[in-house]
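Structure first, then comments.
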Amino acid sequence: MNNASFELPIDSEEPVFQAPWEAHAFAIVNQLAAANHYSWAEWTNYLVNEISAVEREAPGTKTYYEQWVAACEKLLIEKGLLEPEAVQQKISELQSTQATEHPHHHD
């Protein structure tokens with residue numbers, strides 16, 4: 001059993017995480033690996049593939065942690081731990097909530 005984990009990113013110029021959800025995403029990946037739902041090698045492979053795909057297809061369109069979440073979703077779907085429909089439903093719910101909380105004002 002491998003108890004390795006990703007080290008927290010350190011940057012003397014900026015906060016480690018730009019938003020609370022990034023810290024949550026980081027913690028979720030670490031917890032799932034610690035619970036042996038996947039190996040660190042599997043996780044690293046998914047993250048590298050996600051970053052490579054974004055850089056190829058649409059460079060600069062996703063932040064590091066947006067890519068982190070996308071890689072996590074893909075890995076969990078592949079492992080059968082998450083249903084693709086559940087991901088899409090949650091995204092729709094979050095977009096709807098965000099639109100309600102931050103409506104556009106036209107002057």
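The values are calculated or read from the model by the stated rules, or taken from the named source; none is laboratory data. Computed from a prediction, not measured in an experiment: that's the story for all the values here. All Cβ positions, even for glycine, are placed from backbone atoms using ideal geometry, and neighbour counts span all protein chains on display.
Listed values, structure above:
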item	result
Conditions (1) within 13 Å of the chain's Cα centre (by Cα); (2) in a loop (DSSP other than H, G, I, E, B); number of the one not met by A25	(2)
Of the criteria (1) modelled with pLDDT under 95; (2) more than 10 Å from the chain's Cα centre (by Cα); (3) surrounded by 12 or more Cβ atoms within 10 Å (Cβ to Cβ); (4) in a helix (DSSP H, G or I), which one Q88 fails	(3)
Residues of region 6-47 satisfying the condition of being more than 19 Å from K62 (Cα to Cα) and either of a type in the set (D, E) or at pLDDT below 90 (or both)	F6, E7, L8, I10, D11, S12, E13, E42
Search result, residues across region 55-85 that are among the aliphatic types (A, V, I, L, M), part of a helix (DSSP H, G or I) and surrounded by fewer than 17 Cβ atoms within 10 Å (Cβ to Cβ)	I77
Test: T100 is surrounded by fewer than 15 Cβ atoms within 10 Å (Cβ to Cβ) and under 19 Å from E22 (Cα atoms)	no
Qualifying position, being more than 14 Å from the chain's Cα centre (by Cα) and either within 20 Å of L82 (Cα to Cα) or in a loop (DSSP other than H, G, I, E, B) (or both), among N30, N36, N49	N36
